[in-house]
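J.: Questions regarding the structure given below will be posed in turn.
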Amino acid sequence: MSSSPTQSISLTRYLIEEQRAGRINADLRLLIEVVARACKTISIAVGKGALGGVLGDAGTPGVASMNIQGEAQKKLDVLSNEILLEANAWGGHLAGLASEEMDTSHPIPDVYPRGNYLLLFDPLDGSSNIDVNISVGTIFSVLRCPDGVTNAADEHFLQPGTQQVCAGYTTYGPSTMLVLTVGNGTHAFTLDREVGSFMMTTRGMSIPEETKEFAVNMSNQRFWEPPMQRYVGDLLSGKEGPRGKDFNMRWVASMVADVHRILTRGGIFSYPLDSKCAPKGGKLRLMYEANPMSFLVEQAGGAASTGRQRMMEVQPTGLHQRVPVFIGSKKEVEAAVRYHAEHDTSHSSK
Ligand code: AHG
Ligand code: MN
Ligand code: MN
């Protein structure tokens, strides 16, 4: 579990110390500060709820606005996207941006200088929870722009997760928290609303290797592949089954909230392949959901896989590519992977 005392370390102080230690440069520090500031603005909008007029669908009454994924956009999806775009356009640290809510990558306006980083984000994760006052979040991933490229296009973003230099999320729950990695552990900062600063509350998050808790949308059970059916079947059979222990289940339906619980007390989160999402490759998006969460979880001692491959080694083929996801406590992710491997081996030898 988590971890060492944090005295009174603000996000700003943490980043300056990382810069002094040579682990990040000034541009990446600025980038993270700007994203954190944008998340504070989103946090205020989320917190106002119905009083801020931000709940409900985007678009005109009766005509929902859709994103590239074919999903109806909520007002907060659109607003959060605009907040992040506006905040990150002018700082001079980026060569381009990409978002769940935009069909293609977004260039830096000509009036502003360009930098070396690429920023990808899911501006508002867990949109189905907005209108019912349940935790939502923002997820982001930072890559380096390939050398010599000043105007980043979609293809420049298509780098495996191992190339990430930073990843993080903000969860807008009872408290607003920013969880961050620059490749030197995963650290949690809680927003002090009076002061307006993110303060470090856990240095070096650490996920227990073993768990008795799983997170999955059970209503999809009949659509799952056989190895997933068998894996969850064995979890459900508890002490009397082959796993020899009783498991508990949690499903918030906001990946940010589910992964935050796992970073705090362990567990496995999965959104597996099912026959409904199979034509698209999965439900969750590789570049701005699975990869940043995988980086954070691996940096906290956990693991992340598609069920058949380490998540961060998947070579992306599209900005909005989808993947199956198994993420969390190391031994449990390895168990899920084993069920897939056993199934695949027995079927390839027939
Ligand atoms: P988003 O709101 O960004 O589209 O992501 C929603 C995702 C993820 O946060 C969550 O784990 C999953 O969708 C929930 O799916 P179900 O509604 O199928 O449970
Ligand atoms: Mn999402
Ligand atoms: Mn989203």
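The values are calculated or read from the model by the stated rules, or taken from the named source; none is laboratory data. Since the model is a prediction, treat every value here as computed from it, not as a measurement. Note that each Cβ is placed from the backbone with ideal geometry, even for glycine, and that neighbours are counted across all protein chains shown.
J.: Looking at Gly126, Gly137, can you tell me which residue is crowded, with 24+ Cβ neighbours inside 10 Å, at pLDDT 95 or above, of a type in the set (Gly, Ala, Ser) and within 16 Å of ligand 2 (Cβ to nearest atom)?
T.: Unique residue meeting the criteria: Gly137.
J.: Tell me which of these Leu94 doesn't satisfy, since it passes every other one: (1) modelled with pLDDT under 95; (2) more than 14 Å from ligand 2 (Cβ to nearest atom).
T.: (1)
J.: Taking the condition free of Cβ contacts under 8 Å to residues at least 60 places away in the same chain, within 14 Å of ligand 2 (Cβ to nearest atom) and within 15 Å of the chain's Cα centre (by Cα), does Val256 pass?
T.: Numbers: free of Cβ contacts under 8 Å to residues at least 60 places away in the same chain: no; within 14 Å of ligand 2 (Cβ to nearest atom): yes; within 15 Å of the chain's Cα centre (by Cα): yes.
The answer is no for Val256.
J.: Looking at segment 194-212, can you tell me whether even one residue there is closer than 24 Å to Leu94 by Cα, touching a residue at least 24 places away in the same chain (Cβ under 8 Å) and more than 16 Å from ligand 1 (Cβ to nearest atom)?
T.: Checking segment 194-212: at least one residue is closer than 24 Å to Leu94 by Cα, touching a residue at least 24 places away in the same chain (Cβ under 8 Å) and more than 16 Å from ligand 1 (Cβ to nearest atom).
J.: Exactly one condition in (1) touching a strand residue (DSSP E or B) at 6+ places or on another chain (Cβ under 8 Å); (2) closer than 25 Å to Arg261 by Cα is false for Arg144; which is it?
T.: All conditions pass for Arg144, except number (2).
J.: Output the number of residues of segment 33-63 satisfying the condition of being under 15 Å from Ser80 (Cβ atoms) and of a type in the set (S, T, N, Q).
T.: Number satisfying all stated conditions: 2.
J.: Same structure, new question: Filter segment 287-319 down to residues that are within 16 Å of ligand 2 (Cβ to nearest atom) and either without any contact (Cβ under 8 Å) to a residue 40 or more places away in the chain or more than 18 Å from the chain's Cα centre (by Cα) (or both), then give me how many there are.
T.: 1
J.: How many of the residues in segment 274-328 are within 16 Å of ligand 3 (Cβ to nearest atom), under 19 Å from Gln221 (Cβ atoms) and crowded, with 23+ Cβ neighbours inside 10 Å?
T.: The qualifying residues number 1.
J.: Let me ask you something else. Going through Ala89, Ala72 one at a time, which residue ends up being in contact with a Ser or Thr (Cβ under 8 Å, 6 or more places away or on another chain) and surrounded by fewer than 18 Cβ atoms within 10 Å (Cβ to Cβ)?
T.: Ala72
J.: Filter segment 251-276 down to residues that are touching a Phe, Trp or Tyr at 6+ places or on another chain (Cβ under 8 Å), more than 8 Å from ligand 1 (Cβ to nearest atom) and at negative phi, then give me how many there are.
T.: 10
J.: Of the residues that sit in segment 103-123 and are away from ligand 1 (no atom under 12 Å from the Cβ) and more than 19 Å from Val149 (Cβ to Cβ), which one is surrounded by the most Cβ atoms within 10 Å (Cβ to Cβ)?
T.: Restricting to residues being away from ligand 1 (no atom under 12 Å from the Cβ) and more than 19 Å from Val149 (Cβ to Cβ), the top hit is Asp103.
J.: While we're here: Any idea which residue in segment 56-79 is nearest to ligand 3 (Cβ to nearest atom), counting only those that are of a type in the set (A, V, I, L, M) and in contact with a helix residue (DSSP H, G or I) (Cβ under 7 Å, 6 or more places away or on another chain)?
T.: Filtering first and then ranking leaves Leu76.
J.: Taking only pairs six or more apart or across chains, which ones have beta-carbon atoms under 9 Å, a first residue in segment 61-77 that is under 19 Å from Gly49 (Cβ atoms) and more than 12 Å from ligand 2 (Cβ to nearest atom), and a second residue that is in a loop (DSSP other than H, G, I, E, B) and among the β-branched types (Val, Ile, Thr)?
T.: Lys75/Val54; Leu76/Val54
J.: Could you list, in sequence order, all residues of segment 320-349 that are farther than 26 Å from Gly244 by Cβ, hydroxyl-bearing (Ser, Thr, Tyr) and part of a helix (DSSP H, G or I)?
T.: Ser348
Each row is one residue, and each column tells you yes or no for (1) crowded, with 24+ Cβ neighbours inside 10 Å; (2) under 28 Å from Val142 (Cβ atoms); (3) within 16 Å of ligand 3 (Cβ to nearest atom).
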site: Phe223; (1), (2), (3): no, no, no
site: Asp234; (1), (2), (3): no, no, no
site: Gly238; (1), (2), (3): no, no, no
site: Gly241; (1), (2), (3): no, no, no
site: Val256; (1), (2), (3): yes, yes, yes
site: Arg265; (1), (2), (3): no, yes, no
site: Pro272; (1), (2), (3): yes, yes, no
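J.: Now, a different point. Condition (residue is within 16 Å of ligand 3 (Cβ to nearest atom), of a type outside the set (Phe, Trp, Tyr), closer than 20 Å to Glu71 by Cα and in contact (Cβ under 8 Å) with a residue 40 or more places away in the chain) applied to segment 147-169: is it met by at least one residue?
T.: Scanning segment 147-169, I find no residue that is within 16 Å of ligand 3 (Cβ to nearest atom), of a type outside the set (Phe, Trp, Tyr), closer than 20 Å to Glu71 by Cα and in contact (Cβ under 8 Å) with a residue 40 or more places away in the chain, so the answer is no.
J.: Determine whether Glu289 is within 23 Å of Val252 (Cβ to Cβ) and acidic (Asp, Glu).
T.: Working: within 23 Å of Val252 (Cβ to Cβ): yes; acidic (Asp, Glu): yes.
When the stated conditions are applied, Glu289 passes them.
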